[in-house]
Amino acid sequence: MALFHSSYVRGGERVPAPQWAGDVVAVRFEYTLPTAEQITGNIIELGVLPAYARPIDAVLDSDALAASALVLDVGIMSGDVGEALDEVGAARTSGDELFDGITTGVAGGVVRPTLAKAFRVAPAAKDRSIGLKIATQGVTPAEGKIGLTVFYGT
């Protein structure tokens, strides 16, 4: 497994935080996924969920990235933003709270969360990473973009 980082995680882009109770902020995280990174178990640290924020909604858009079989998970990552290892020195993991086992990357398209757990992510006192995991690598991968628009609030 390898861990890759978007410009939001590397510090090239700032992620706004909600300023008032009830504020909802939308940020689109984007990553160009080369064929060499489309290997089962690889994680793209795609975006940042600011401290005390929780996801309200999400939209994932993808180019056609494979001829078949590509399965993706998107969720909250273990450890601190931008770090290679988690708090106990283990490899970081990525959950599937927002999207679990989606195949949108095969033909390309747009998808919204369909599972209740996407709307039940609790706030935390620190910034958290949003990861995209290659759960199953695709057949005949192709380079393309993946975008994730996250609506979050307090």
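A short reminder: the numbers here are calculations on the coordinates, not readings from a lab. Computed from a predicted structure; not experimentally measured. Cβ: placed from backbone, ideal geometry, glycine included. Neighbour counts: every protein chain shown.
In square nanometres and to one decimal, what's the mean projected area of the convex hull around the Cα atoms of region 23-63? Over all viewing directions, region 23-63 projects a mean Cα-hull area of 3.9 nm². With 10 Å bins beginning at zero, the pair-distance distribution over Cα atoms of region 10-85 amounts to 13, 45, 32, 9, 1 %.
By the count of neighbouring beta-carbon atoms within 10 Å, fewest first, Val88, Val121, Val74 end up ordered Val88, Val121, Val74. Could you compute the FRET efficiency for Asp23 and Leu115, with r as their C-beta to C-beta distance and R0 at 35 Å, rounded to 0.05? FRET efficiency, Asp23 to Leu115: 0.90. Counting only lysines at least 8 places from Lys145 when in the same chain, those with an alpha carbon closer than 25 Å to its own are Lys133. What FRET efficiency comes out for the pair Thr35/Ala84, r = Cβ-Cβ distance, R0 = 30 Å, nearest 0.05? Using R0 = 30 Å, I get an efficiency of 0.85.
Identify the chymotrypsin sites (Phe, Trp or Tyr not before Pro) of region 1-31 meeting these criteria: DSSP loop state and at most 11 other C-beta atoms within 10 Å of the C-beta. Please list the in-between numbers first.
Working: sites: Phe4, Tyr8, Trp20, Phe29, Tyr31; in loops: Trp20.
Within region 1-31, the qualifying chymotrypsin sites (Phe, Trp or Tyr not before Pro) (loop, at most 11 other Cβ atoms within 10 Å) are Trp20.
What is the Rg over Rh value, at two decimals, for region 106-154, using alpha-carbon atoms and the Kirkwood definition of Rh? Intermediate results must be reported in sequence, preceding the final value.
Values: Rg = 14.2 Å, Rh = 14.1 Å.
Ratio of gyration radius to Kirkwood radius for region 106-154: 1.01.
Spatially, region 1-70 and region 118-154 are offset by 5 Å when compared through their Cα centroids.
Report, in debye and to the nearest 20, how large the dipole of the chain comes out about its Cα centre when Lys and Arg carry +1 and Asp and Glu carry -1 on their Cβ. All intermediate terms of the calculation are to be shown ahead of the outcome.
Working: 12 positive and 18 negative charges, 49 e Å.
It comes to approximately 240 debye.
Adding -39500 (n - 2.57) for every DSSP H run of four residues or longer, then dividing by how many residues the chain holds, sets the calculated 222 nm ellipticity at -500 deg cm²/dmol.
Across the chain, the volume of the C-alpha convex hull divided among the residues equals 94 Å³ per residue. Considering only Pro50, Val106, Ile134, the residue lying farthest towards the positive end of the dipole of region 47-143 is Pro50, judged by Cα position with unit charges set on Cβ. For GluC sites (Glu not before Pro), the sites in region 1-46 that DSSP calls loop and that have at most 16 other Cβ atoms within 10 Å are Glu13.
Bridges between two residues of the chain, per DSSP, are antiparallel at a rate of about 95%.
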